[in-house]
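Here the structure is laid out as structure tokens; the discussion comes afterwards.
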Amino acid sequence: MNEMSNDGKEQIDWLSDQIAQAQIIIDGIHNGEKWFRSHDGNSTPDDVTEQVLRDYQRQVDMNLVVLEKWLAKSK
């Protein structure tokens with residue numbers, strides 16, 4: 001078994017935290033939270049919930065792939 005460096009452990013911990021934070025936002029949207037964004041002082045902000053959901057889900061998916069690779073290297 002390969003010994004993982006402290007840097008490797010820190011990277012895995014950081015990536016795991018990023019996934020967990022994104023998952024909190026995803027779970028909130030699934031529970032009915034809405035996200036709005038206002039541009040150029042627009043008095044009616046745009047509902048960007050679906051865009052936010054897609055962006056965070058894509059982030060989680062990509063980070064999980066990287067995390068799996070890092071964990072496989074540490075074995």
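Overview of values
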quantity	calculated
Descending principal axes extents, the range 6-49, alpha-carbon based, whole Å	49, 26, 8
222 nm mean residue ellipticity, helices alone, for the chain (DSSP H n ≥ 4; -39,500 (n - 2.57); rounded to 500)	-24000 deg cm²/dmol
Stokes-Einstein D (µm²/s) once Rh is taken as the Kirkwood radius of the chain over alpha-carbon pairs, at 20 °C in 1.002 mPa s	149 µm²/s
Extension gain, ASP13 back to ALA72 (0.36 nm per residue minus Cα-Cα distance, nm)	19.8 nm
Dipole magnitude (debye, nearest 20) for the chain, charges at Cβ of Lys, Arg, Asp, Glu	260 debye
Lys, Arg +1 and Asp, Glu -1 on Cβ, resulting dipole of the range 32-75 about Cα centre, debye, nearest 20	440 debye
Selection from LEU53, SER38, ILE19 lying farthest towards where the dipole of the chain points positive, charges on Cβ	ILE19
Qualifying trypsin sites (Lys or Arg not before Pro) in the range 1-53, DSSP loop, other Cβ atoms within 10 Å at most 13	LYS34
Sites ASP47 and GLN23, calculated FRET efficiency, Cβ-Cβ separation with R0 30 Å, nearest 0.05	0.90
Sites ASN31 and MET62 - FRET efficiency at Förster radius 25 Å, r taken between beta-carbons, to 0.05	0.60
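The numbers here are math on the coordinates, done by the rules we state, and not lab data. Because the structure is a prediction, the values reported are computed rather than measured. Positions of Cβ are backbone-derived with ideal geometry, glycine not excepted, and every protein chain shown enters the neighbour counts.
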